[in-house]
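The values are calculated or read from the model by the stated rules, or taken from the named source; none is laboratory data. The shown structure was predicted, so the numbers you read here are calculated from the model rather than taken from an experiment. When we count neighbours, we look across all protein chains shown, and the Cβ atoms used for this are built from the backbone with ideal geometry, even at glycine.
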Amino acid sequence: MMLTYYYNLYISDSLIAEETRIKKKLMSRKLVRDVYLIVFPQGEQNQLEILPAYELKQKFYDHTSVFVVGIADSTQDAVRMVTEITEAVYQEEQPVGIRSYLMKRQERYTRY
């Protein structure tokens with residue numbers, strides 16, 4: 001599994017101190033409870049998806065790349081983050097999709 005994190009990762013306040021530990025656990029495919037990821041879905045037709053971190057233990061993810069936009073401590077906080085992202089995108093770029101907006105920003109960041 002290949003995990004890529006958005007350069008300006010959205011993360012719950014309660015998880016900031018644990019960010020590195022959570023990322024290490026995710027990379028080593030260890031069970032991470034009470035953590036929800038905001039990711040780009042595998043299908044291009046959707047914009048963002050919320051999934052429990054433990055879902056990455058499924059075989060489906062063995063050979064899958066996952067782009068993580070946010071890490072939340074609850075489904076409610078994950079929904080709040082998705083709302084925040086959506087509002088930010090539409091304030092700046094009205095007609096563009098969330099996925100393309102975030103990828104554009106990611107590409108600008110990784111270029112430098």
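Yes/no matrix, rows are residues, columns are (1) aliphatic (A, V, I, L, M); (2) out of contact with any Gly (no Cβ under 8 Å at 6 or more places or on another chain):
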site	(1), (2)
Arg21	no, yes
Phe40	no, yes
Phe60	no, yes
Val68	yes, yes
Met81	yes, no
Glu84	no, yes
Pairs with Cβ under 6 Å, 6+ apart, first in the stretch 60-89 and closer than 11 Å to Ile50 by Cβ, second at pLDDT 95 or above and of a type in the set (S, T, N, Q): Ala72/Ser12; Asp77/Ser12
Counted residues, the stretch 1-41 - those being among the β-branched types (Val, Ile, Thr) and within 12 Å of the chain's Cα centre (by Cα): 5
Qualifying residues in the stretch 76-99 (those that are surrounded by 13 or more Cβ atoms within 10 Å (Cβ to Cβ) and among the hydroxyl-bearing types (Ser, Thr, Tyr)) - the one farthest from Glu18 (Cα to Cα): Tyr90
The lone exception for Glu19 - which of (1) modelled with pLDDT of 95 or more; (2) closer than 19 Å to Met2 by Cβ; (3) touching a helix residue (DSSP H, G or I) at 6+ places or on another chain (Cβ under 8 Å) it fails: (3)
Qualifying positions in the stretch 43-64 - exposed (fewer than 12 other Cβ atoms within 10 Å of the Cβ) and under 22 Å from Leu102 (Cα atoms): Gly43, Glu44, Gln45
Qualifying position, being out of contact with any strand residue (DSSP E or B) (no Cβ under 8 Å at 6 or more places or on another chain), aliphatic (A, V, I, L, M) and closer than 21 Å to Gln106 by Cα, among Ile38, Ile16, Ile50, Ile11: Ile16
